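Structure, as structure tokens:
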Amino acid sequence: MGDVVEIEADREVREVADSQGPVIVASGLTKKYGDFTAVDNLDLEILGGEIFGLLGPNGAGKTTTILMLLGLTEPTEGAVRVAGHDSVRDPLSVKSIVGYLPDNVGFYPNMTGRQNLRYTASLNRIPRKVAEERIETLLVDVGLTEAADKRAGKYSRGMRQRLAIADALIKHPTVLILDEPTIGIDPEGVRDMLGMLARLRDQEGMTILLSSHLLHQVQEVCDRVGIFVGGHLIAVGPVPELERQLAERGDLEYEVSVVASDGREVGGPALERLADSLRSVDGVGDVKSDRGILSVSSRRDVRAEVARAVVAQDLLPVHLRQRGLSLDDIYERYFQEGVEADYASA
């Protein structure tokens, strides 16, 4: 496995780093279960006041990493510090400043949502008056005011997730760690939750680690992302920087649409002849046609050659543009590289 691709943070993230520095630092973090390595030599820094997305499929090692950050499981090798506290030697200090939402949260079913939050507040020794004020605010933030006095055992999965977010925030943590927080929440609730996370970052400077496999949600709110495959962190950076790095490496795609010289729509054999011509251009890997638009993949910028090929076919280009990469595209390409690297080293 090669070294992780390190990407420069954007200006806003860099300014936060300069003012606060890294809040979560993992060095050589490794977790083995017998012969199986769940997390392999992880080096990671999460900056103060940023939302960091940890992306990967189930079984990639995301949850194991989170458990080591929290001091809930001991690493086989390596070290981790959260806000200056050693997660192995001083896990209680870490837990006192971190709000945590696990991927499978549980509550006392015979207690109401409000009572569950009061109980968590009492465990954290929050004064009653302060706790009540926070509970009221959090119930509004997570959209549970109408269900606050219903028994938690009657809550749907989405309602339990909302209650879990409030529960993680009740002690007003410095760091918030969320493991698959949007599972079971309806689209409107997801938008509300992502908006709340952005407010916590922007207004309170909270550091947030969001573990998820739902890429479009992560892209919407995260300052940086880390792509996790087979226990390895294979790329880290803001999404635009990951896109640019792939583009500079030659993983480019273009969209081309054309018309005949007299303005008529082009399709069928004429479009296929153009596609064959484009495939012969040096550097072009594949050409696909979909409803009159050609998609051209290439290892370099071939826009000039593509334009010449179109004109040579007695056609006129309507548009020719480089297509941006979505987080799904970026993830798919890095994921495939990670799988291939694991296979080669096996």
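The residue list Ser289, Ser277 contains one member that is assigned to a helix (DSSP H, G or I), small (Gly, Ala, Ser) and not assigned by TED's automatic domain parsing to the domain that holds Ala38, which is Ser277.
For the residues Leu316, Leu325, Leu294, the requirement of being surrounded by 17 or more Cβ atoms within 10 Å (Cβ to Cβ), at pLDDT 75 or above and out of contact with any Cys (no Cβ under 9 Å at 6 or more places or on another chain) singles out Leu294. Scanning region 256-274 for residues that are touching a Leu at 6+ places or on another chain (Cβ under 8 Å) and in a helix (DSSP H, G or I) yields Ala270, Leu271, Leu274. Pairs meeting the criteria (first residue in region 178-198 and farther than 12 Å from Leu101 by Cβ, second residue not in a helix (DSSP H, G or I), beta carbons under 7 Å, at least 6 apart or on different chains) are Gly189/Gly143; Val190/Thr182; Asp192/Gly143. When the residues of region 241-264 are filtered to those that are surrounded by fewer than 13 Cβ atoms within 10 Å (Cβ to Cβ) and on the phi < 0 side of the Ramachandran plot, the one that is modelled with the highest pLDDT is Arg264.
When region 218-232 is filtered for residues that are crowded, with 20+ Cβ neighbours inside 10 Å and not in a loop (DSSP other than H, G, I, E, B), the ones remaining, listed by number, are Val218, Arg224, Val225, Gly226, Ile227, Phe228, Val229, His232. All of (1) on the phi > 0 side of the Ramachandran plot; (2) in a loop (DSSP other than H, G, I, E, B); (3) in contact with a Gly (Cβ under 8 Å, 6 or more places away or on another chain) hold for Ala60 with one exception: (1). For region 30-57, the set of residues classified as part of a loop (DSSP other than H, G, I, E, B) and either closer than 20 Å to Asp179 by Cβ or of a type in the set (S, T, N, Q) (or both) consists of Glu50, Gly56, Pro57, listed by residue number. Checked against (1) at pLDDT 80 or above; (2) among the basic types (Lys, Arg); (3) surrounded by 14 or more Cβ atoms within 10 Å (Cβ to Cβ), Arg279 meets all criteria but (3).
Go through Asp3, Asp35, Asp10 for me and flag whichever is modelled with pLDDT of 80 or more, out of contact with any strand residue (DSSP E or B) (no Cβ under 6 Å at 6 or more places or on another chain) and of a type in the set (Asp, Glu). The unique qualifying residue is Asp35.
Remark: Phe52 matches the filter, which requires a residue to be of a type outside the set (Lys, Arg) and either buried (at least 17 other Cβ atoms within 10 Å of the Cβ) or under 22 Å from His216 (Cβ atoms) (or both). Of the candidates Asp202, Asp186, the single residue that is closer than 27 Å to Leu47 by Cα and not small (Gly, Ala, Ser) is Asp202.
The values are calculated or read from the model by the stated rules, or taken from the named source; none is laboratory data. For clarity, every value in this text was computed on a predicted model and none was experimentally measured. As a convention, Cβ positions derive from the backbone with ideal geometry for all residues, glycine included, and neighbour counts pool all protein chains shown.
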